[in-house]
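Step one of this worksheet: look at the structure below.
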Amino acid sequence: MAASAEDNENLVPVTVLTGFLGSGKTTLLNHILTATHGKKIAVIENEFGDVGIDDELLQKNSKVQADEEIIEMMNGCICCTVRQDLIVVLEKLAKRVKAGTLKLDGVIIETTGMADPAPVAQTFFVDDMVKASFKLDGIVTLVDAKHVEQHLDEEKPEGAENEAVEQVAFADRILLNKTDLVSEEDLLRVEKRLKSINSQAPVQRCTKAEVSPDWVLDIGAFDLKRVIEMDPEFLNTDGEH
């Protein structure tokens, strides 16, 4: 049964944050976890990357170590580390929301540098418990202005996908970061290249991943129809992408 508009209003919006290692994802998350923006956000970090959210930053800014995986920050946000299944952590958060012990304005899931965002996005359509509490709100891809072209040009073995291309193609919004490291001419060329892969997603330039949380949270940008046109197998979880 399709969810009614009212049910949809009560679902917690989820942003999936993708981008290669070095594109500035951790900087952006640190900013969201410490800025005074008045929103209560849960940041879920997939702990496979080399650099996790800075432990020192977590210790300095956290209120209580209530749960080994879920840390509450001073600004009311929550940081979770996923060492197991993403669904397990989402279930934990959903239980707290339902029990009234946690109010969430949104969730950000950070995917690792090499991750294709599709499997994370699928979770919000194929798992009933997740569908009952959360809605996929947007995929935001961070791009390093200086190195993105070499990632996009990388030759992959036959049958393997270029993850950088996938991340740009799936994006609902693109943050072009580290713009201070390249010339205006380079930026225009990179923007043109990004638009050739994904003509729909707005591109926002930034340095040090400084962007208003409103640009990445609760943006209502995910379009399932567009994704299925791009990847007809998106909702078929039996096979590999």
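The values are calculated or read from the model by the stated rules, or taken from the named source; none is laboratory data. The shown structure was predicted, so the numbers you read here are calculated from the model rather than taken from an experiment. Cβ atoms come from the backbone with ideal geometry, glycine included; neighbour counts cover every protein chain shown. Heavy atoms of the whole protein, side chains included, go into the accessibility calculation; ligands, DNA and RNA do not. Shrake-Rupley method; radii C 1.70, N 1.55, O 1.52, S 1.80 Å.
Remarks
Matching residues to (1) surrounded by 12 or more Cβ atoms within 10 Å (Cβ to Cβ); (2) without any contact (Cβ under 8 Å) to a residue 12 or more places away in the chain; (3) assigned to a loop (DSSP other than H, G, I, E, B):
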{"residue": "Lys135", "(1), (2), (3)": "yes, no, no"}
{"residue": "Val140", "(1), (2), (3)": "yes, no, no"}
{"residue": "Ala164", "(1), (2), (3)": "yes, no, no"}
{"residue": "Ile174", "(1), (2), (3)": "yes, no, no"}
{"residue": "Thr207", "(1), (2), (3)": "yes, no, yes"}
{"residue": "Ile219", "(1), (2), (3)": "yes, no, yes"}
{"residue": "Lys225", "(1), (2), (3)": "no, yes, no"}
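- Which listed residue, of Glu185, Glu149, Glu155, is of a type in the set (D, E, K, R), loosely packed, with under 14 Cβ neighbours inside 10 Å, in a helix (DSSP H, G or I) and free of Cβ contacts under 8 Å to residues at least 60 places away in the same chain: Glu185
- Of the residues making up segment 20-48, those that are open to solvent by 50 Å² or more (accessible area, probe 1.4 Å) and either at pLDDT below 85 or assigned to a strand (DSSP E or B) (or both) are Leu21, His31, Thr34, Thr36, Gly38, Lys39, Glu47, Phe48.
- Scanning segment 194-205 for residues that are open to solvent by less than 70 Å² (accessible area, probe 1.4 Å) and either over 23 Å from Thr27 (Cα atoms) or assigned to a loop (DSSP other than H, G, I, E, B) (or both) gives Ile197, Asn198, Ala201, Pro202.
- If the condition is being farther than 28 Å from Thr207 by Cβ and open to solvent by less than 50 Å² (accessible area, probe 1.4 Å), then segment 106-120 contributes only Ala118.
- Within segment 93-105, if we keep just the residues that are in contact (Cβ under 8 Å) with a residue 12 or more places away in the chain and surrounded by fewer than 15 Cβ atoms within 10 Å (Cβ to Cβ), the residue that is farthest from His31 (Cα to Cα) turns out to be Lys98.
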